[in-house]
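I have placed the structure first, in the form of structure tokens, so that the comments after it can refer back to it.
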Amino acid sequence: MELSVVQIGNVLTRTSGYLRTVSSHSLQPYRGCSFGRALCGVGCYVQHNGHLTRGRPWGDFLEVRENAAASYRQHVAGERRWARAARGQFSIFLSSATEPFLPQEARYGVTRGVLEAMLEEPPDLLILQTHSHRVTDYLGLYEQLLRVAELRVHISIETDRERIAGLPPHASSVAARFAAARLLKQAGATTVITVSPLLPIDEPEQFFARAAESADAVVIDHFIGGDGSSNGERTRRTELPAAMASVDERSLRIEYRDAMVAIAQRYLPGRVGVNIDGFAGRWLPAKEAATEL
Ligand code: SF4
């Protein structure tokens, strides 16, 4: 993998498109992702962004944004002012196009630096989005952040299967991510399990019961309607659908998502979100579940 250390102009990006209703800004401590060759990288929505990859294969490059914390400090006052006026709240999604808790974070500490800067200059809401149990490395920082900002942590757990034939292993095991969710919830962070993209689940009842014990809410996001193309065409060009079909053909259809939503609603009534609504914290009403079931 090609690794480079770079300088970034303004690390606070004003959101547009599908993220607009989720947060006022996104923040990427890295460009590219060293989990790109792991299971989540196979269907990763970010790989379709040619502006970001510049033609490089996903998982083959990582740019470390060395000055991310300094950039945050430099731009936060202006961006906060703009966000409160234009969007009603200064909220940050960290991260939408990379993983904040990559193994390289242990060496470079870019995400840590940004979180420390946020203690001095907090957003109104911070949403951490991760595929890694290493999110718990900074529990002490979250406890401090909770005193000055609203904190929501999204942990992606796409399936209960530790391996799916034909796909590489997870970057972080299912068991380790559930354990991380429990720790974050105990620490007081609003914790959300993002089943994104939804993969075949072996034992849905047990999976959502476990989610209800470990987190405050779940988001269920199918690649159809979730990957930014009509009818999931982008994802259909990857190896993901064939591997999903070999486990459970039904998982390729949107009805599979709806069936999982109905089960999840029983375990987390009023705390289930679908696709982008879930990422934005908009939950299906509990009474709708009662009607569906
Ligand atoms: S961790 Fe996130 S950004 Fe990185 S490959 Fe996986 S899904 Fe994509």
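The values are calculated or read from the model by the stated rules, or taken from the named source; none is laboratory data. Bear in mind the structure is a predicted one, so any value in this text is a computation, not a measurement. In this analysis, Cβ positions are derived from the backbone assuming ideal geometry, glycine residues included, and neighbour counts consider all displayed protein chains. Surface accessibility is based on the protein's heavy atoms, side chains included, excluding ligands, DNA and RNA. Shrake-Rupley method; radii C 1.70, N 1.55, O 1.52, S 1.80 Å.
What the table shows:
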item	result
Test: residue in the stretch 73-91 that is open to solvent by less than 20 Å² (accessible area, probe 1.4 Å) and within 16 Å of the ligand (Cβ to nearest atom)	no
Index of the failed condition, TYR30 passing every other in (1) more than 20 Å from the chain's Cα centre (by Cα); (2) within 15 Å of the ligand (Cβ to nearest atom); (3) surrounded by 14 or more Cβ atoms within 10 Å (Cβ to Cβ)	(1)
Near pairs, Cβ below 8 angstrom, 6+ apart or cross-chain, from the stretch 122-145 (at negative phi) to any residue that is of a type in the set (Lys, Arg) and within 16 Å of the ligand (Cβ to nearest atom)	HIS131/ARG177; SER132/ARG177; HIS133/ARG177
From the options GLY17, GLY9, GLY55, residue that is in contact with a Ser or Thr (Cβ under 9 Å, 6 or more places away or on another chain), more than 12 Å from the ligand (Cβ to nearest atom), of a type in the set (Gly, Ala, Ser) and open to solvent by 50 Å² or more (accessible area, probe 1.4 Å)	GLY9
Output for the stretch 94-131, where each listed residue is within 16 Å of the ligand (Cβ to nearest atom), part of a loop (DSSP other than H, G, I, E, B), of a type outside the set (A, V, I, L, M) and crowded, with 24+ Cβ neighbours inside 10 Å	THR98, GLU99, PRO100, PHE101, HIS131
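Every residue, every condition in (1) part of a loop (DSSP other than H, G, I, E, B); (2) closer than 12 Å to ASN275 by Cβ, yes or no:
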residue	(1), (2)
HIS170	yes, no
ALA175	no, no
ARG182	no, no
ALA209	no, no
GLY226	yes, yes
GLU233	no, no
